[in-house]
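Structure first, then comments.
The values are calculated or read from the model by the stated rules, or taken from the named source; none is laboratory data. Since the structure is predicted, the reported quantities are computational estimates derived from the model, not experimental observations. Methodologically, a virtual Cβ is constructed for each residue, glycine included, from the backbone with ideal geometry; neighbour enumeration extends over all protein chains shown. Note: areas computed on protein heavy atoms with side chains; ligands, DNA, RNA excluded. Shrake-Rupley method; radii C 1.70, N 1.55, O 1.52, S 1.80 Å.
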Amino acid sequence: QVQLVESGGGLVQPGGSLRLSCAASRSIFGFNVMGWYRQAPGKQREMVATVSSLGSTNYANSVKGRFTISRDNANNTLYLQMNSLKPEDTAVYYCNLDWYRASSWGQGTQVTVSS
């Protein structure tokens, strides 16, 4: 099993930036996919961005060109750089691991975009 802990959320004005981090409790080897998901009040949880161990990335259409997902395997950490933030980006953001050995979710971190 792997524990995931998110950090970096907060309150930011429209057009601002935040960087979210997700720290894993152990090294992840072999093929796997890590990603960021978000859930706004009254809505389904949705995929924001994913990155595989091979480097392939996938983004929701709503964040393309604004968000960048990356991973630092040496530090067992996943990142989401969020630029040009919009009020509709407001949600709880969750880190996810999809791995043949285990799957895991973080506890979530709140991102609020407001004037």
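Compute the signed sum of charges (Lys and Arg +1, Asp and Glu -1) over the other residues within less than 10 Å, Cβ to Cβ, of I28. So the surrounding residues net to +3.
In the chain, what percent of the accessible surface is made up of carbon and sulfur (1.4 Å probe, ligands and nucleic acids excluded)? Result for the chain: 46 percent of the exposed heavy-atom area is carbon or sulfur.
Under unit Cβ charges (Lys, Arg +1; Asp, Glu -1), what dipole magnitude, rounded to 20 debye, does the range 11-115 have relative to its Cα centre?
Charge dipole of the range 11-115: 20 debye, to the nearest 20.
Coupling constants for the range 36-50 follow from the phi torsions by the Karplus curve (6.51 cos²θ - 1.76 cosθ + 1.60, θ = phi - 60°), and in residue order they are 10, 10, 9, 9, 8, x, x, 10, 6, 5, 10, 6, 9, 7, 9 Hz; glycine and proline get x.
N96 sits among other residues whose Cβ lies under 14 Å from its own Cβ, and their net charge, with Lys and Arg +1 and Asp and Glu -1, is 0. Calculated accessible area for the chain comes out at 53 Å² per residue, all protein chains present (probe 1.4 Å; ligands, DNA, RNA ignored). Here D72 and Q13 are evaluated by their C-beta separation; at R0 = 22 Å the FRET efficiency comes out at 0.20. Restricting the calculation to Cα atoms, the chain yields a radius of gyration followed by a Dmax of 13.5, 43 Å.
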